[in-house]
Amino acid sequence: MASRRARQSRSCEPVLKTISTFLACSDSRWWVIVLNMPMLIVCPIAGLDVAEAEESAEPLSKEWYVSGFLMRSYPIGSLLKFDGDKIPDTRFDSATGGGLKIGVFPSSKSVFGAEVELSGHGGSLTAPQTVVGNKVRSAQLDTTQFNFMVNALARYPGDFIQPYAGVGLGFSILGTDGHTQSSAGIREPDSVSGLNVQGILGVRLMITDHLFGFTEYKPALFAGKEGDGCGTGGRYSSRKANCTPRQTHSLHFQSHHVAVGIGFRF
């Protein structure tokens, strides 16, 4: 294929030489330009095809890539507690979001690689009113979830189709707007943050040497807790002195994510 394109490029040379000679001698130069405009366009394109063929013959020394994606989230099996009191029948609605990835493989033929993933989506968490004794429990929360993940990947480095699998570990923050009701009364929770673990099953379709499309399925598990208002401590900060911790929400849930996107490698 590359040799055929090279011959096509070389066949343009005498034509262009003839055109340039005629332009130098003729008084009707504008007619020549009009009549030979298709040749003037096709020959440079043929040259670009040859350059692309020569580039594709050599694998990328190190494959960096950037990609964007749209995703659909399907949370299941949620468990919401306030100060240890379970709010029954909590349920997340499905939600649509998106994200970005930056990743690297040691070369275009490498099996193992890694990537950083940023994503987010909206949603809602609800629980119908249940009455046990004199205690009413319910929840009505709008949520916004942000995820920061580091993924380890293994792939089959095919020329056109690249199936891959991986695992990711990261941190998620759920902003909330609404209220919950439990044995401790009605409460408007703050954001809930915690660890997020996910599996990855996907496939790449190589469109060109640099452009690719992909689709993924990712099961995930989140476990987080609301802050108690006294700080979290750490190397450069300490918990507030003489602070009485407030009652907090805790949240655990599983989810399924389906994503489709496009990326560029370089």
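The values are calculated or read from the model by the stated rules, or taken from the named source; none is laboratory data. Source: prediction; values computed, not measured. Positions of Cβ are generated from backbone atoms using ideal geometry, with glycine treated the same way; all protein chains shown enter the neighbour counts. These accessible areas exclude ligands, DNA and RNA; they are computed on the full protein's heavy atoms, side chains included. Shrake-Rupley method; radii C 1.70, N 1.55, O 1.52, S 1.80 Å.
Residue pairs whose Cβ atoms lie under 7 Å apart, separated by 6 or more positions or on different chains, with the first residue in the range 171-182 and under 10 Å from N147 (Cβ atoms) and the second open to solvent by 70 Å² or more (accessible area, probe 1.4 Å), are F171/F148; F171/L195; S172/F146; I173/F146. In the range 121-151, of all residues being in contact with a Gly (Cβ under 7 Å, 6 or more places away or on another chain) and buried (at least 18 other Cβ atoms within 10 Å of the Cβ), the one that is nearest to P163 (Cα to Cα) corresponds to N151. Condition first: over 21 Å from the mean Cα position of the chain (by Cα) and in a strand (DSSP E or B). Now tell me which residues in the range 77-110 satisfy that. Scanning the range 77-110 gives G77, S78, L79, L80, K81, F82, D85, K86, I87, R91, F92. Looking at the range 127-148, is at least one residue touching a residue at least 24 places away in the same chain (Cβ under 8 Å) and under 22 Å from F266 (Cβ atoms)? No: zero hits.
Residues are listed down the side, and each one gets a yes or a no for (1) within 30 Å of N134 (Cα to Cα); (2) open to solvent by less than 80 Å² (accessible area, probe 1.4 Å); (3) of a type in the set (S, T, Y):
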| site | (1), (2), (3) |
| --- | --- |
| P157 | no, yes, no |
| S183 | yes, yes, yes |
| P189 | yes, yes, no |
| G194 | no, yes, no |
| S255 | no, yes, yes |
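Residue selection: G178 satisfies the criterion of being open to solvent by less than 40 Å² (accessible area, probe 1.4 Å) and assigned to a strand (DSSP E or B).
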